Structures are given as C-alpha cells and as structure tokens.
Amino acid sequence: MHLVIYALVEASTEDEALDAGKSVFRQLVGAEPQSGAVFDYFVAFDEEDTTVAGSARWGELPTAAPVDSDDGEDLLERGWEATKEEFERNLDRVKEAIEELSDEEIMRDEDLARHAFHQVGAYDGPTIFLYTEHGTGIRHRGQLDRLLEESEELWIVPADVHF
C-alpha cells in the first residue's frame, strides 16, 4: 500500500529542505546506518521518471514548501488530519474490541483487535504521517505545535511511501 508522509525540516532553501527530507525518508526505509525500516521505499516529488509513484499517483505536490506558505500550510494540514483520522479510527476499533470481545478473543487477535491496539500506540509507520528531521513520528498536537513554535525556517517535504 502507498501513502504520502511528510518530513518537517529546518532549511534555508528548497534544495536544502529536499535533501534534509530525503535523509529522513532514507532513515525511515532503513537505508541509513543504524536505522530500522518502517516503510519499504519512498519516492520524492522531484522524481519525474516514474509513472507509478509520486506525482503520477498523487498529483502535483510541491517538492518542498516553507511551512508558513500556502502550500506548506496545506501539506501540514493534510499530514496532521491524516494522522488524527488514523488515530481516531484505530482508537474506535480498540474501544469496540474492549466492549465486545473477551480477553481471550483479544489475545487471539480476533477482528485484528491487537493490531488496532498496536496502531494506536505506534510511534511511526502507516498511521503517522508527519516526521521530524530526526525521523521521529509526530504523534500529538502538542508535539507538532512545539516544533512549529521552536523552528525558525521550517519546511515540509512530502514523499510517497510504500509499506
């Protein structure tokens, strides 16, 4: 499956932001030393030679945008809303499992209950759409707001990832 994730990075130019974003994505696919693979591979939106990923799959997105620009605000909102929606969807599944399944049924992962528990607690992967320049998943609004407040030249870089 594919989805678009976003890296929030400090940079002074679009090229610097794209390089920093690609470094985050390389880390998330296990291509950097001492990094574990969270996703299988990524395609940045500057790659024009693919017909099945990036812009070919998702339409035209900026390769990188300052967070305080119109494009940047749009990408940030997309990433945050997707994170929030996935969290709420999985949390609803957890609540339903607790109400409707026995402990043994949950332990057997009936209705993928344990999977939903895992997704609610995830630090990265397909339920987290925003990442810091260190490859850390942004899991709650306070974490995102703190990053936005503390950063001087914050850019957002999208990538199409496969998991």
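Numerical summary
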| quantity | calculated |
| --- | --- |
| Surface accessible to a 1.4 Å probe, per residue, for the residues of the chain, Å² | 56 Å² |
| The chain - percent of accessible surface contributed by carbon and sulfur, probe 1.4 Å | 46 percent |
| Estimated FRET transfer efficiency (GLU150, ASP15; beta-carbon r; R0 22 Å; 0.05) | 0.40 |
| Principal axis dimensions, the chain - Cα atoms, whole angstrom, descending | 54, 36, 32 |
| Gained length - TYR123 relative to ASP103, 0.36 nm times residue gap less alpha-carbon distance | 4.7 nm |
| Theoretical FRET efficiency, 1/(1+(r/R0)^6), r = Cβ-Cβ of LEU91 and THR136, R0 30 Å, to 0.05 | 0.90 |
| Whole-number percent relative contact order across the range 2-162, with pairs defined as alpha carbons under 8 Å at least 6 apart | 45 percent |
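The values are calculated or read from the model by the stated rules, or taken from the named source; none is laboratory data. Quick caveat: nothing in here was measured; it's all calculated off a predicted structure. Note: ideal-geometry Cβ built from the backbone for every residue, glycine included; neighbour counts use all protein chains shown. Each accessible area value is taken on the protein alone, full model and side chains, heavy atoms only, with ligands, DNA and RNA left out. Shrake-Rupley method; radii C 1.70, N 1.55, O 1.52, S 1.80 Å.
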